[in-house]
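The structure appears right after this line, and notes come after that.
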Ligand code: HEM
């Protein structure tokens, strides 16, 4: 895809800008036995894990899908209390999962996409294969109909349930084995399957599906085939609830034998089946192409108008650059007057983050924390960027990296401390068809879904000219600024920019 694309840009960052153990979604599953909700003892000895909860949650959310009428699927309907209260969704694993993953949802990234990302990242960071990830799931606005299988049901009913979800019997065997390479069955929600274990290494009394329950591997199959399995849904004392035994054996063990014989086959089949599971969405929802890392990605672009100067800052991330101690990295840009300029990036190396699949190298240009920003003449401005790295031009196949300096934050913005009100001054470029400028305030509704409300600026006839290029639109707005953006409708298209520095950084308004 081409930058910029707000949703894909954010999803790409969530997937690939990961410093193992420290940032992003992966930090909640490293090490893989991390469990954030231990009631007693330390996270590693509960027998539970965030990773297992996340995978089970994605399955239970998806399992409401009805392929016949296209309803249900991975749409975060599991966040509704009514779904979590059903017997088919017993346990607190869903609430725990949402507690962590929904926090990564934004106005552009749905909660459903974060649930899908949770499975992709849990599987990959805990020893499993990469799962191709598509974005664009849409959050349901109400609970789905029930549809999750339960252990005491018959094999025929399980085959029918998976068929309703869109999976054949073979795929059912595969998907259950892939899911059950993580986690196990807890005593508390399933006292008829697992007794109190009195095990200091499993303080929440979890009987695991295989001996490596926080690691993706084919032990779920090798232990089953060799007869050493302790899987409580295979060798449980109550045969009625031995659903894995019935499912795994339903094709004469052909599938499980193939998994036991080949870890590679197991991994590739699980990658495929997990992707199918995650991409099972209500009909009418169009998912994106598989998201791969952008080779070059600008980030955090920010403009501030200060008199006749446009301060410009931001960063750029390169993916998998070859080592080059003599690297020359340039930002080239075009202005509104037909000029072409360049700026050397090398001196401003910001950070290097790594990920199992690649290395991200970031450079920063401009510096909004000091006065020595990257200054542009306001009239000339900027329209498009390109990068030159090690002599190679990076311009998205000739498109370049378009930037807009039409609506920018003005340093004349200020703060009235007596009534906690900000005066937002936004500079709008003359000669551009701007029909409205507004503040977007971001909040969550009662079901955790992110909503945006718009507050319009005064109309253009009340504006003040700053210079020949820009005039100011003004709005006074009380309340916290941390979830505010400025948006504008330019040539009939709405776009938003995260331009505002946090309110406390605004100078006091002249009294
Ligand atoms: C007939 C189908 C299935 C049945 C009857 C079933 C049943 C169960 C049961 C009873 C538990 C214990 C939950 C707990 O104690 O909190 C469990 C856990 C789990 N299931 Fe399934 N399952 C099925 C299919 C799947 C599928 C298709 C997946 C994913 C692809 C999956 C992933 C998991 C995971 C990861 C856990 C561990 C949760 C944890 O340890 O917190 N299950 N399953």
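Only the coordinates and a few stated rules stand behind these numbers; no lab work does. On a predicted model such as this, the values are computed, not experimentally measured, just so you know. A quick note on method: Cβ atoms are made from the backbone with ideal geometry, for glycine too, and the neighbour counts reach across all protein chains shown.
Okay, here's what the table says:
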item: Helix 263-278 axis, angle to the chain major axis (alpha carbon atoms, nearest 10°); result: 60 degrees
item: Full-extension gain in nm, residue 38 to residue 359, via 0.36 nm per residue minus C-alpha separation; result: 112.2 nm
item: Per residue Cα convex hull volume in Å³ - calculated over the chain; result: 173 Å³
item: Neighbour-count order for 182, 28, fewest beta carbons within 10 angstrom listed first; result: 28, 182
item: Separation in nanometres of the label points that stand 7 Å from Cα toward Cβ, at residue 480 and residue 211; result: 5.0 nm
item: Counting DSSP beta bridges with both ends in the chain, the antiparallel % (nearest 5); result: 95 percent
item: Cα-based Rg and Dmax for the range 6-278, where Dmax is the largest Cα-Cα distance (Å); result: 17.4, 52
item: With Cα atoms, 0 to 90° folded angle of helix 169-179 axis to the chain main axis; result: 70 degrees
item: Helix 50-62 vs. the chain, principal-axis angle (Cα, 0 to 90°, nearest 10); result: 90 degrees
